[in-house]
Amino acid sequence: MAGTTAATDSLSVVLNRSMDTDVALAKRLAKDLDAAFPVLVDAHQDRLYTIALRLLGDRRDAEEVAQDALVRAFRAMRGYQRERVAALRLRPWLASIAVNLARNRRRRAEDRQPPNQLEPMLDTGFDLPADLRSGPERRADRRETQRELAEALLRLTPAVRTAIVLRHVDGLSVAETAEALGRPEGTIKAQVHRGLRELRITFETPALRPPTTPARARAARLLPALEAIR
Amino acid sequence: MTTMTLGDAGLEAALRDLRVAAPPAVGFGALVDAGLADRYAPIETPLGQAFVAWNGRGVSWIGRADDGAAFEARFRADVGRDIAAADEVPERLGRAIGSRIAGNRRVRIKLDLRGHTTFEVAVWMKALEIPHGEVRPYGWIAAEIGKPKAVRAVGTALAHNPVPLVVPCHRVVRSDGMIGQYSMGGPDAKRRVLSSEGLDTRWLEEEAAAGHRFTGSDTTHIVCNPTCRDARRVTPQHRVTFPSLVAASSAGYRPCLHCRPVSLAA
């Protein structure tokens, strides 16, 4: 498995590098918040938007949550002592702000409509740049997988979903995820394990996938009949 | 159909693949809310179309320009922040500015006056106290903010007012009563704005030219700035004018408590 090891190594190099940058960035923020904040926005807006989108499934909500998270971070840092800003672990800290805002928004939405009508608005948000290595078919396949995975995420319980999104979509370590969510590392590990298992089940047995589109709903209804015929 | 069986590594890779880029509005919106960038849109004013810029801390700039691009260029050069066009002025802000221009002093408009001196801000805050349709001399502002000798500096501060019309620098005139300069387009523009507030600028300038600097009432023995609403209620047969406060005072007149006229050094 030399390939996997190499991939893991290069991933951890990337992560270590971004953590180094964050330490430097926190110091710059402590020194001159106004000057350094645009750098923070550049470095973290995509991940905060991704976290919000994968938790909520709606692009407009995700835009608002990501923007609001950045602004709240700015205001919080303005009120902090310099030493406290310099010591911030930006990745988990910013993630926790986005997660809390997304949770509040989801609860408000649930208050507005009865839960049984709360079919999450599925908006998986892919206008990714085309993967240059693959042809159009693989690209379409990949996009379909992403769409289904994004939908499957939205069907996990909120606690499991946030753990999976922070740990595996955003790529925080278990320790950082635990810090961001204020849960013990053991809990995070269990929730991530459970989440991966549920996602895998969804993928391995297409017929068990919850009906999300009329076509699929029909297929799901027809399936027992077909089984009976056979 | 994607009937794939994903192993752990495959599933984890697929989850990483769910990362997406934020739309540009996210980052720029955050910078605007934090007051580190601005948006702008056109507004209607008594001088025709102008542009207003704002951020999370308040209105930062109002100015006339040939078009949005020219406004942006001036803003960037003067303020040094990034700026982008908005579709329109936020409804509440637009209404507040319109209402303020129409003379309602109660409506609150947050102003972003970072980067200016406390003296400049003091001058602008004092100008905000001048009622719609009235004017005061530069020396009045200087005296009111406790710097009676800083008449020239008051003029410079008003010329640098970043939010004309909202901060009514057009209501401050030369100490000899002449109309004076105006940053939104010179004396003519200033006359137009004052006329839109119901002030007869020709009368104002004629009075100034005739040396009538203060107006009193021979029934109350109170002396006012000529445009003070109390002075304008005085009927012609009771109206008296003075070239100076000293002259008014030696005739037994006391200064109005509303417009607080001040003696002006030369």
**Report entry** Test set (1) among the hydrophobic types (A, V, I, L, M, F, W, C); (2) at positive phi; (3) modelled with pLDDT of 95 or more - B:Ala266 fails condition number
**Finding:** (3)
Query raised in the report: When B:Val107 is evaluated against the numbered criteria (1) within 17 Å of the chain's Cα centre (by Cα); (2) more than 24 Å from B:Asp230 (Cα to Cα); (3) at pLDDT below 95, which criterion, by number, is the only one it fails?
Result: (2)
Report task. Looking for whichever is in contact with a helix residue (DSSP H, G or I) (Cβ under 6 Å, 6 or more places away or on another chain) and more than 9 Å from chain B (Cβ to nearest Cβ) here; the options are A:Val71, A:Val65, A:Val41. Which one fits? Result -> A:Val65
Query raised in the report: Can we say B:Val59 is within 16 Å of B:Ser183 (Cβ to Cβ), of a type outside the set (Asp, Glu) and within 14 Å of another protein chain (Cβ to nearest Cβ)?
Result: no
Report task. Go over the candidates B:Gly180, B:Gly198, B:Gly155 one by one and state the one that is small (Gly, Ala, Ser), crowded, with 19+ Cβ neighbours inside 10 Å, not in a helix (DSSP H, G or I) and not assigned by TED's automatic domain parsing to the domain that holds B:Asp78. Result -> B:Gly180
Report task. Using the structure shown, decide if B:Ala30 is within 14 Å of another protein chain (Cβ to nearest Cβ), over 18 Å from the mean Cα position of the chain (by Cα), assigned to a helix (DSSP H, G or I) and farther than 26 Å from B:Asp188 by Cβ. Result -> yes
Query raised in the report: Quick check: is even one residue across the range A:46-53 farther than 22 Å from B:Arg57 by Cβ, part of a helix (DSSP H, G or I) and more than 8 Å from chain B (Cβ to nearest Cβ)?
Result: yes
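The values are calculated or read from the model by the stated rules, or taken from the named source; none is laboratory data. Model, not experiment: these values are computed from the prediction. Virtual Cβ from ideal backbone geometry, glycine too; neighbours counted across all protein chains shown.
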